[in-house]
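The values are calculated or read from the model by the stated rules, or taken from the named source; none is laboratory data. Predicted, not measured: the structure shown is a model, and the values here were computed from it. So basically every Cβ, Gly included, is an ideal-geometry build from the backbone, and we count neighbours across all protein chains shown.
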Amino acid sequence: MEVKKRKIPERQCLGCNEHKPKSELLRVVKDPEGNISLDFTGKKSGRGAYICRSLKCLKKARKSRRIDRSLDCDVPDEVYDRMETELSENE
């Protein structure tokens with residue numbers, strides 16, 4: 001009997017456009033109240049977008065406004081600044 005290989009879920013980084021395993025990426029989540037934050041656990045409820053765990057990818061996604069489009073809202077600059085601070089602390 002053949003053992004089935006488990007499928008590893010992949011997501012695309014909004015910064016560099018690379019497909020990577022979901023566990024390697026960082027989730028940016030917009031909760032039901034409309035608050036946007038980084039989800040280091042991957043368990044928060046809400047709409048999610050994924051970026052690599054690097055400041056470079058976050059800055060690229062910020063410049064091209066891809067997170068805004070993915071979460072279907074305008075992400076304020078102070079939210080991006082807070083996310084950059086959080087990411088640099090956790091890198």
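Things to note:
- Hits in the stretch 36-74 (condition: more than 10 Å from the chain's Cα centre (by Cα), closer than 20 Å to N90 by Cα and of a type outside the set (A, V, I, L, M, F, W, C)): T41, K43, K44, S54, K56, K59, K60, R62
- Counting only strands (runs of 3 or more DSSP E) that fall entirely inside the stretch 1-89 and contain at least 1 residues that are in contact with an Asp or Glu (Cβ under 6 Å, 6 or more places away or on another chain), the qualifying elements are 19-21, 25-30, 36-39.
- Residue list for the stretch 46-86, filter: touching a strand residue (DSSP E or B) at 6+ places or on another chain (Cβ under 8 Å) and polar (S, T, N, Q): S70
- Applying a threshold of 6 Å to beta carbon distances and a minimum spacing of six or more residues, or different chains, the list of pairs starting in the stretch 58-71 at a residue that is under 12 Å from C16 (Cβ atoms) and ending at one that is buried (at least 18 other Cβ atoms within 10 Å of the Cβ) and of a type in the set (A, V, I, L, M) reads L58/I51; L58/L87; A61/L14; A61/I51; A61/I67; R66/L14.
- Residue within the stretch 35-49 that is modelled with pLDDT of 90 or more, in contact with a helix residue (DSSP H, G or I) (Cβ under 9 Å, 6 or more places away or on another chain) and more than 25 Å from P21 (Cβ to Cβ) present: yes
- Here P32 qualifies as of a type outside the set (D, E) and over 13 Å from the mean Cα position of the chain (by Cα).
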